Amino acid sequence: MYNKSVAITGCTIEKITKYDQFREDKIRMELYRIILSLYDEGCRTFTCNLHSYIGLLGADTIVMLREADKCPEIILSAVIPETSFPADTDKMYRALYDDLMKLADSKEILSEKDNAGKVLSGCHIICYYNDFCPEIGQVRASGLPYTNIYKMI
């Protein structure tokens, strides 16, 4: 019953054009609500793509829930692709990435192809995609239940 896994992925950092505190706060509130609900349903391992905007925010939310003792058994698995961040990535996101890599329970570097497969192998997917990108088609085709936060914001 316990230790079901959840994948968190979405648009890559370079596709986020400018920092928007209001949007980020709304995303964080949804992530908090969804992660807490899935934890209560027995999900313990949350695999986050740290090269995605939603993956960074999700991992940060997981760490916060663990440190607040709301989800003491939650496991943060960081998945990163082989490619590095673009040089113009926001410094705040790079610093958050560095901090989360230190706090992750496990880390895995995957090729872009393997990364997509890892994302589609949980019992639930939390994502941040618009309806016209090919990645949301892959999520839908997986047959796994998913929550697209993009539609909630």
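FYI, it's all coordinate maths here, none of it is from the lab. Here the structure is a predicted model, which means the values were calculated and not measured. All Cβ positions, glycine included, derive from the backbone under ideal geometry; neighbour counts span all protein chains shown.
Working out 0.36 nm times the residue gap between residue 89 and residue 123, then minus their Cα-Cα distance, what length gain in nm do you get to one decimal?
Between residue 89 and residue 123, full extension yields an extra 9.1 nm.
Between residue 140 and residue 111, what is the label-point separation in nm under the 7 Å Cα-to-beta-carbon projection?
It is 2.8 nm.
If each of residue 153 and residue 22 carries a label point 7 Å out from its Cα toward its Cβ, how far apart are those two points in nm?
Using points 7 Å along Cα→Cβ, the separation is 1.3 nm.
Report the label-to-label distance for residue 96 and residue 29 in nanometres (one decimal), using points 7 Å from each Cα along the Cα→Cβ vector.
1.7
May I ask you to evaluate 6.51 cos²θ - 1.76 cosθ + 1.60, the Karplus curve with θ = phi - 60°, for each residue of the range 40-52 and list the ³J(HN,Hα) values in order in whole Hz, giving x for glycine and proline?
In residue order, the calculated couplings are 5, 8, x, 6, 10, 9, 10, 9, 10, 7, 6, 8, 10 Hz.
Taking the mean number of other Cβ atoms within 10 Å as a proxy for protection, how do you rank 51-63, 26-38, 96-108 from highest to lowest?
Final packing ranking: 51-63, 26-38, 96-108.
Within the range 58-105, list the GluC sites (Glu not before Pro) lying in a DSSP loop whose Cβ has at most 12 other Cβ atoms in a 10 Å radius.
Listed in order of number, the matching sites are 73, 82.
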